[in-house]
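The values are calculated or read from the model by the stated rules, or taken from the named source; none is laboratory data. Note that the structure is a prediction, hence the values are computed from the model and not measured. We place every Cβ from the backbone using ideal geometry, glycine too, and count neighbours over all the protein chains shown.
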Amino acid sequence: MRFVNRKDAGRQLAQLLLQYKDAVPIVLGLPRGGVAVAYEVARALKAPLDVWVVRKVGAPDFPELGIGAVAEGGIVYLDQEAIEQLGIPDKVVRQLVRQKSAEVAERVQQLRGSLPKPRIEGQTVILVDDGIATGGTVRGAIQALRTARPRKIVLAVPVAASQSLEELRGLVDDVVCVFPTTELYAIGAWYHDFQQVQDDEVARLLDHARRPTPSDDLSERFTAPPNDPELSIPVGDVHLKAALLLPSSLPPKGLVLFAHASGNSPVSPSNRYIAAVLRAQGLATLLFELLTSEETHQRAALLSFDIRFLARRLVQATDWARLAPATKGLRIGYFGASTGTAAALAAAAERSSDIDAVVSRGGRPDLALESLRDVRAPTLFIVGSKDQAVLELNRNAYAQLTCPRKLVSVPGATHLFEEPGALDAVARLASEWFITHLRASRADFPARAGNAESTI
């Protein structure tokens, strides 16, 4: 985790931009999250702050996977290679562009109202976002800015995919990035707190930035990290280190236990990010590793594939969560990856009356074949379309399930979902599945109802 929140990211970014203070720049934030970062940059440079509205054009069914962008001034950027790879018809692309163009016009009215568009011509412009994945959205924003004839465009972001940053470098006069990386996963994975910024918060930040002598700091609301007490869960004669995250609005809508046995830390960026998305939807999450650090170092190769052992650990952790004061009485779901998926399915089969939903990310359900027909909880398999071997294993296991189930293949994703937008897609799909099934009665989902495999 590189940044506490957007305020922290903005302050770190501002330190790298002090060289532009004497140029009297204008700072433009890409709404919504980019404005919270840009606010800190503008304060440090004592520069005016405004927004530059741009909307990503996402693929049908997978809006996290960008295929282009629409920006102010009617500028449209489309990634033709991505469109061809995904096989999206021209008619659908045109419809998506029209929809996003209308959203841009609406967003401009909401955020700027009757105020004029910022004067760009002849000025040094610092364009700020909270991160760059594919770069399609930023590319559209830059192209729109160029039509306004600025003296110089500086692209500034806290974190970005290195390849995307290099592709954008030729479109601007300078690039400033705190942390370029070849392993982005998802932008939110680099923030401890990546809660969504609302339109009214953007409007307040803009209004506050226009005041000549600010009397308070509206961005202070971004300073508090989410509730994350460290716990120790007793299972047999050992204790598992865990992290509990509770939603800001209580009581939680349910509890999701993350079942992992790969030796990775429960505070890994990808786990934290998915948990943060679930938390934003009102769910509590309990992240822990099914093996102790000693077991990982000494017997990981053996124990990480001992599904009965892992399932027993997960059941014991579940029993603890069902009695713990903060999570007592909550409906429970499992999120598994790799062999943790098999453990989750085996545990769900053993405690069929207690577990209400299961989600697998690139998992190995084939290792729990003897348990599959006893699973009653609605189960979602998420697999990368390029992870062919695991995809086939999931399809075979999917056919053995008798519970409500779905298999989703994320286009262009490999086993670790490292591709820009892939982990975002996993988080959204998992969130939708848990919210739907943890709040519903088991009777609402008869066996084999709503089953489907989804690919594009």
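Brief remarks on what is shown
- Strands (runs of 3 or more DSSP E) wholly inside the stretch 34-101 that include at least 1 residues being under 27 Å from residue 208 (Cα atoms): 49-51, 54-59, 62-71
- Within the stretch 114-125, none of the residues are touching a residue at least 12 places away in the same chain (Cβ under 8 Å), more than 17 Å from residue 70 (Cβ to Cβ) and within 26 Å of the chain's Cα centre (by Cα).
- Among the candidates 92, 41, 35, 24, the residue that is of a type outside the set (Lys, Arg), modelled with pLDDT of 90 or more, out of contact with any Lys or Arg (no Cβ under 8 Å at 6 or more places or on another chain) and at positive phi is uniquely 24.
- Of all residue pairs spaced 6 or more apart or on separate chains, those with beta-carbon atoms under 8 Å, a first member in the stretch 217-245 that is farther than 14 Å from residue 324 by Cα and a second member that is at pLDDT below 55 are 241/266.
- Selection within the stretch 348-366 - within 19 Å of residue 382 (Cβ to Cβ) and either in contact with a helix residue (DSSP H, G or I) (Cβ under 7 Å, 6 or more places away or on another chain) or among the polar types (S, T, N, Q) (or both): 355, 356, 357, 358, 359, 360, 361, 362, 363, 364, 365, 366
- Subset of the stretch 343-377 [hydrophobic (A, V, I, L, M, F, W, C), closer than 15 Å to residue 305 by Cα and over 24 Å from the mean Cα position of the chain (by Cα)]: 343, 345, 346, 347, 367, 368, 369
- Qualifying residue in the stretch 145-152 (condition: farther than 17 Å from residue 37 by Cβ, of a type in the set (Val, Ile, Thr), under 25 Å from the mean Cα position of the chain (by Cα) and not in a helix (DSSP H, G or I)): no
- The condition of being basic (Lys, Arg), within 24 Å of residue 109 (Cα to Cα), surrounded by fewer than 24 Cβ atoms within 10 Å (Cβ to Cβ) and touching a residue at least 40 places away in the same chain (Cβ under 8 Å) holds for residue 32.
- Sole residue being under 23 Å from residue 5 (Cβ atoms), touching a Leu at 6+ places or on another chain (Cβ under 7 Å) and assigned to a helix (DSSP H, G or I), chosen from 176, 138: 138
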